[in-house]
Amino acid sequence: MDIKVIGASRLCDGVSVWLDSRQDWSPDFSRARAFLDTEIADVFARAQRDEQANLVVDARVIEVERGDAGILPSVAREKMRAFGPSIATPEHGVVSTNAPPLTKTLAAAAGVYRYDEHERQFLRDRAAIFRDQVRRRLSGELSEDEFKPLRLMNGLYLQLHGYMLRVAMPYGGMSAAQMRCLAALARRFDRGYGHFTTRQNIQFNWIRLQDVPDILDFLAEADLHAIQTSGNCVRNVTTDHFAGAAADEIVDPRLYAEVLRQWSTDHPELTYLPRKFKIAMTGSPVDRAAVRVHDIGLLAYRNAEGETGFQVYGGGGLGRTPVIGVKVRHWLPEADLLRYVEAILRVYNAMGRRDNIYKARIKILIRDLKPDVFIAMIEDEFAAMEPAYCRLEPEIIAAVSERFVQPSLQNDLPSSSPDLAAQREREPGFSDWLDNNVFPHRQKGYRSVALSLKPPGGVPGDATADEMDLIADLAEKHAFGEIRVAHQQNLVLPHVREDALLDLWRSLRGTQLAEAHIGLITDIISCPGMDYCALATARSIPLAQRLSRHFSDRSDRPAIGPLDLHVSGCINACGHHHVAHIGLLGLEKNGEESYQITLGGSADEQAAIGEIVGPAFSADEAVEAVDQIVSVYLRERAHKETFIAFYRRVGAEPFKEALYARA
């Protein structure tokens, strides 16, 4: 006879709980009582009453099986709820009981927009509003259905094991003081670490609902918040992580990203869009911001007269329907930026589907209308605006620009440090790090440095509170207090003097932040997957860890060269597997995980969606399958040919033969 248990999430902290033999809610699955089909209706009615009494949320009936060790959930996601993440390490500990007191700190840093008192009061007011909403939810004045859109507007999700809070890093920038704030938050309210995402934000996975108002107050005093990190609004605008520092940059996009942030925050037309809306910007000919796979992508450049403007792409995106965006404008003058973006959003808001969440994104609207029709509708909406409406006038640009502290770069440094060559000879590890983690800067005598958050076998994007504090210290010492988040889930110190690179590397050596592999096969992007996410169908992190260890141990790893390897735990594609050179998508079939492989994707100026090579591989086979792909490439490539160049030359057939010939 079938047996079932009743599960739910505890309202106050989101912890998974189960009804035990006394019909109390226990966080220990071993105490869950198994009920027969004949009992389940009455027992579930009791659970629903507890839901109405605001003890639990998301009460549900869970099928289980009896085994030698007792009962087990039949579905993988419920197993994860029952037994916790499969990636526990000493760094992923418990909430600290002796964390130092929270200190409210605020210090200006290069490259970080300085809030004024009006803006800080806005954050305080938003936090106060949410404090009252949390009080009303905990007291039962608000139901979960009423509260859910309010918590999502403040970046708060209910995940498998608890609440997750996503904190915004606008266009990926923060100061050392703000990084210390995040470290303090991790120690006091979480389990001592945070997870940096492909949207240039940070997530905390073990937050209690009752603590969130205090967290938002604390963040507000450091000019941080969780606004526009969730919900059907314009999300955090992302940019090139080398913006303002890159040697190939034509226009610094951060100024315009900040203008878009201010304009879109609490905009009455943009708060309840048909679906979430993502904007990315770059000001370099080399696209490091993946602009062509966003709802709106903006490429800033200058025309022949030296005027600043934008190429505009629309309707890009990944998820269950991956699409490369359509160019909707080759030249958009700077003054028309907000007007034109609003025209796009007005058309989308009016025409986008709200009856089907899977068809609500702008990419589906453009596909259904056809690009030419959509572009004509944008242009008509744009032309109908009052001439003076929402123009980005020079005085606005100047006022926003003045709020950014510029780094005090020296102009008299040599173009290359004369000591670097000798230092390379003495320190082979330093030489590898220079080759892979150090990038050209617009100012001679300086470089931008990427700090890897992916040690061998580590969780991509995770940083402990101690690591955050160390990075803050190094940013203050070497980079004018400025830190960037890359969408590849690494961090960047954008302005480091060449003659300080060895000192910086020595400070990193012996930590988990010194891996010299940026852009290489072990620099893996991965979403949190089923270890945390309530939507996931597979555990992306453990696979990323196995791939990392495998290729870290492979003796010919240096010969592989640049190669983007991404893992997503479900079709929503938060790991960006569609635009990886090698992408893996986690699926579940009959209770077993499998991984579909795509090849040839790219998010740069030659953006492409990867091709599915064939049937999925089991979790046990996935690492070997990727190894086979890499071996084909190394065996058959031309001299110094990169993986993506090789794939574009030969296509998928050599890889398919190697992968499926044994079948």
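State whether one or more residues within segment 352-359 are under 25 Å from the mean Cα position of the chain (by Cα), surrounded by fewer than 13 Cβ atoms within 10 Å (Cβ to Cβ) and among the β-branched types (Val, Ile, Thr). There is at least one residue in segment 352-359 that is under 25 Å from the mean Cα position of the chain (by Cα), surrounded by fewer than 13 Cβ atoms within 10 Å (Cβ to Cβ) and among the β-branched types (Val, Ile, Thr). A single member of Gln228, Gln200 is assigned to a loop (DSSP other than H, G, I, E, B), touching a His at 6+ places or on another chain (Cβ under 7 Å) and surrounded by 21 or more Cβ atoms within 10 Å (Cβ to Cβ), and it is Gln200. Of all residues in segment 485-502, those that are closer than 17 Å to His517 by Cα have Cβ atoms under 6 Å from Cβ atoms of residues that are outside any loop (DSSP other than H, G, I, E, B) and basic (Lys, Arg), 6 or more apart or on another chain, in Val492/Arg484.
Pairing each residue of segment 581-604 that is more than 18 Å from Met530 (Cα to Cα) with any residue that is of a type in the set (D, E, K, R) and in a strand (DSSP E or B), provided the two are 6+ apart or on different chains, yields C-beta distances under 8 Å for Thr598/Glu611; Leu599/Glu611; Gly600/Glu611. Evaluation of Thr308 against the conditions (1) under 22 Å from the mean Cα position of the chain (by Cα); (2) at pLDDT 95 or above shows that the sole unmet condition is (1). Looking at His330, is it modelled with pLDDT of 95 or more, under 25 Å from Ala383 (Cβ atoms), buried (at least 20 other Cβ atoms within 10 Å of the Cβ) and not acidic (Asp, Glu)? So His330 fails the test. Given the residues Ala177, Ala186, Ala247, which is the only one that is modelled with pLDDT of 95 or more, under 24 Å from His478 (Cβ atoms) and open to solvent by 20 Å² or more (accessible area, probe 1.4 Å)? Of Ala177, Ala186, Ala247, the one residue that is modelled with pLDDT of 95 or more, under 24 Å from His478 (Cβ atoms) and open to solvent by 20 Å² or more (accessible area, probe 1.4 Å) is Ala247. Quickly run through segment 547-558 and pick out the residues that are touching a helix residue (DSSP H, G or I) at 6+ places or on another chain (Cβ under 8 Å), more than 16 Å from His577 (Cβ to Cβ) and at pLDDT 95 or above. Passing the criteria: His550, Phe551. Restricting the first member to segment 134-160 and to residues that are under 21 Å from Asn232 (Cβ atoms), and the second to residues that are among the acidic types (Asp, Glu), the beta-carbon pairs closer than 8 Å and six or more apart or on different chains are Arg137/Glu144; Glu144/Glu51; Glu144/Asp58; Leu158/Asp58.
The residue list His495, His478 contains one member that is buried (at least 20 other Cβ atoms within 10 Å of the Cβ), farther than 20 Å from Leu584 by Cα and over 22 Å from the mean Cα position of the chain (by Cα), which is His495.
Scanning segment 450-461 for residues that are out of contact with any helix residue (DSSP H, G or I) (no Cβ under 6 Å at 6 or more places or on another chain) and crowded, with 24+ Cβ neighbours inside 10 Å yields a total of 5.
Residues in segment 421-447 that are surrounded by 17 or more Cβ atoms within 10 Å (Cβ to Cβ), part of a strand (DSSP E or B) and not aliphatic (A, V, I, L, M): Phe439, His441, Tyr446, Arg447. Every condition in (1) in a helix (DSSP H, G or I); (2) without any contact (Cβ under 8 Å) to a residue 40 or more places away in the chain; (3) open to solvent by 70 Å² or more (accessible area, probe 1.4 Å) is met by Pro418 except one, and the failing one is (1). Please go through segment 629-640 and give me each residue that is surrounded by 16 or more Cβ atoms within 10 Å (Cβ to Cβ) and either in a loop (DSSP other than H, G, I, E, B) or not hydroxyl-bearing (Ser, Thr, Tyr) (or both), ordered by number. Answer for segment 629-640, where residues must be surrounded by 16 or more Cβ atoms within 10 Å (Cβ to Cβ) and either in a loop (DSSP other than H, G, I, E, B) or not hydroxyl-bearing (Ser, Thr, Tyr) (or both): Ile629, Val630, Val632, Arg637. Cβ-Cβ contacts under 7 Å between residues 6 or more apart (or on different chains), taken from a first residue in segment 524-535 that is of a type in the set (Asp, Glu) to a second residue that is open to solvent by 10 Å² or more (accessible area, probe 1.4 Å), are listed as Asp531/Met80; Asp531/Pro85; Asp531/Ser86; Asp531/Arg539.
The values are calculated or read from the model by the stated rules, or taken from the named source; none is laboratory data. Since we're looking at a predicted model, the values are computed, not measured. Every residue, glycine among them, receives a Cβ derived from its backbone with ideal geometry; neighbour counts consider all protein chains shown. What goes into the accessible areas is simple: the full protein's heavy atoms, side chains included, and nothing from ligands, DNA or RNA. Shrake-Rupley method; radii C 1.70, N 1.55, O 1.52, S 1.80 Å.
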